[in-house]
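Here the structure comes first, spelled out in structure tokens, and everything after it is commentary.
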Amino acid sequence: MKFQLIGYPIQHSLSPWIHGEFLRKAKMEGNYTINEIKRKEDLPFQLEEMKEKGVTGFNVTAPYKQAIIPYLDELDIAAREIGAVNTVHLKSGRWIGYNTDGLGYVRSLKVKYPEEMADHSLKILLIGAGGAARGIFYALSSEGYQHIDIANRTAEKAEEIAKLGKSWTVSNVYTLEKAEQKLNQYDLIIQTTSVGMKPEADQAIFSISSLKPGTIVSDIVYQPILTRFLQMAMENKAKVHYGHTMLLYQAQLAFEIWTGITVSLDDMDEQLQRILE
Ligand code: ATR
């Protein structure tokens, strides 16, 4: 089976390593290669070429998660609602688009914190309103979590996301300053912006001063693995959830779509941490 990743730049992507491990674990013949596409205009030609080469599934990363949509034959409901695609599968000659980013992330939270995540009334704060926040909001909302507030620098962008959810009327939209004062109300706090990534590793979107006991704090930034935001969460005795798990679980879901096989992630979490450190 042949799989690919398209995007630009993608030379340092970890997806070939992750899917290489999956193919090995599933005892399947095949490969996962990168296909760096520099110009958006080349997308339709590249799709044709992938078909000719026998590629049956590919991942899409920046900057093409939205640009790929007009060239696909169908979108599943998540990709349609989120308005972005990260996984494409060739089925009966037709390219079908999916989005496994947010769904994968929510799966990772459920695996790591099964008891806490079993409570659908837990109070959730999502920080940020970009593409990543959109995927996570959709996943949480479609899996029945009823209370999701959003905090963002630009209020209008947060309002747009809030309208996506089935239960958007119970969600509140806050400024970052307001959310900072309300942190001790939440059971789960998810940081989805790029603030805190290398080389601004000493930055955090805001400071964490008081949390409810047992709050789970998650940051989707995975370079560095331990962000300033997560350090502050630890100092406040939070349970932390690292960003690199999103990478693993979105890939697990993509592989499931392409092959029907759910590979076990076993030791891959620790291995990936070592690669990133
Ligand atoms: P992605 O698709 O990776 O989520 P994005 O769509 O560019 O990226 O979204 C970036 C998010 O990070 C947005 O919520 C953005 O806030 P705005 O909507 O106000 O632009 C947020 N963000 C980025 N840099 C920020 C900063 N320095 N301070 C606060 N928020 C920031």
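Give me the lysines in straight-line cross-link reach of Lys53: C-alpha distance below 29 Å, same-chain residues under 8 apart excluded.
Lys2, Lys25, Lys27, Lys38, Lys40, Lys65, Lys91
Take the chain, connect every pair of alpha-carbon atoms lying under 10 Å apart with a spring to form a Gaussian network, then pick out the residue of Tyr113, Tyr222, Tyr138 with the largest mean-square fluctuation.
Top of the fluctuation ranking is Tyr113.
Would you kindly calculate the mean projected area, averaged across all directions, of the convex hull enclosing the Cα atoms of the chain, in square nanometres?
Its average projected convex-hull area is 14.2 nm².
Between Glu143 and Ser13, what length in nm is gained on full extension when 0.36 nm per residue of separation is reduced by their alpha carbon distance?
Contour length minus Cα-Cα distance gives 43.9 nm.
With runs of 4+ DSSP H residues as the only contributors, calculate the mean residue ellipticity of the chain at 222 nm using -39,500 (n - 2.57) per run, divided by the residue total and rounded to the nearest 500.
Computed ellipticity for the chain at 222 nm equals -11000 deg cm²/dmol.
Answer with one residue from Val111, Tyr242, Gln223: the one whose Cα lies farthest towards the positive end of the charge dipole of the stretch 103-242, charges on Cβ with Lys, Arg +1 and Asp, Glu -1.
Val111
Treating the beta-carbon of each Lys and Arg as +1 and of each Asp and Glu as -1, no other charges, what is the dipole magnitude of the stretch 103-242 about its Cα centre, to the nearest 20 debye? Kindly include the intermediate steps, with their values, before the conclusion.
On the way: 16 positive and 15 negative charges, 35 e Å.
Rounded to the nearest 20 debye, it is 160 debye.
Hey, in the GNM for the chain with a 10 angstrom Cα cutoff, which one of Gly243, Gly83, Gly54 fluctuates hardest?
Judging by the Gaussian network model, the answer is Gly54.
Rounded to the nearest 0.05, what FRET efficiency do Ser210 and Asn172 give with R0 = 25 Å and r taken as the Cβ-Cβ distance? Could you check?
Step by step, r from the Cβ atoms, then E = 0.85.
Using +1 at the C-beta of Lys and Arg and -1 at the C-beta of Asp and Glu, which of Phe206, Val85, Leu183 has the Cα lying farthest in the positive direction of the dipole of the chain?
Val85
What is the distance, in nm, between label points placed 7 Å from the Cα along the Cα-to-Cβ direction at Glu156 and at Thr262?
The two pseudo-label positions are separated by 4.2 nm.
Taking the Cα atoms only, what angle lies between the long axis of helix 131-142 and the longest principal axis of the chain, rounded to 10 degrees?
With both axes taken from Cα atoms, the answer is about 80 degrees.
List nothing, just return the count: lysine pairs in the stretch 103-242, 8 or more apart or interchain, with Cα separation under 21 Å.
Close lysine pairs under the 21 Å cut-off: 27.
Would you report the distance distribution of C-alpha pairs in the stretch 103-242 as whole percents per 10 angstrom bin, up to the bin with the largest distance?
Here the calculated profile for the stretch 103-242 is 13, 48, 36, 3.
Can you give me the angle between helix 43-53 and the longest principal axis of the chain, using Cα atoms only, in degrees from 0 to 90, rounded to the nearest 10?
The helix 43-53 is inclined about 60 degrees to the chain.
FYI, it's all coordinate maths here, none of it is from the lab. As the structure is a computational prediction, the values presented were derived from the model and not from experiment. We place every Cβ from the backbone using ideal geometry, glycine too, and count neighbours over all the protein chains shown.
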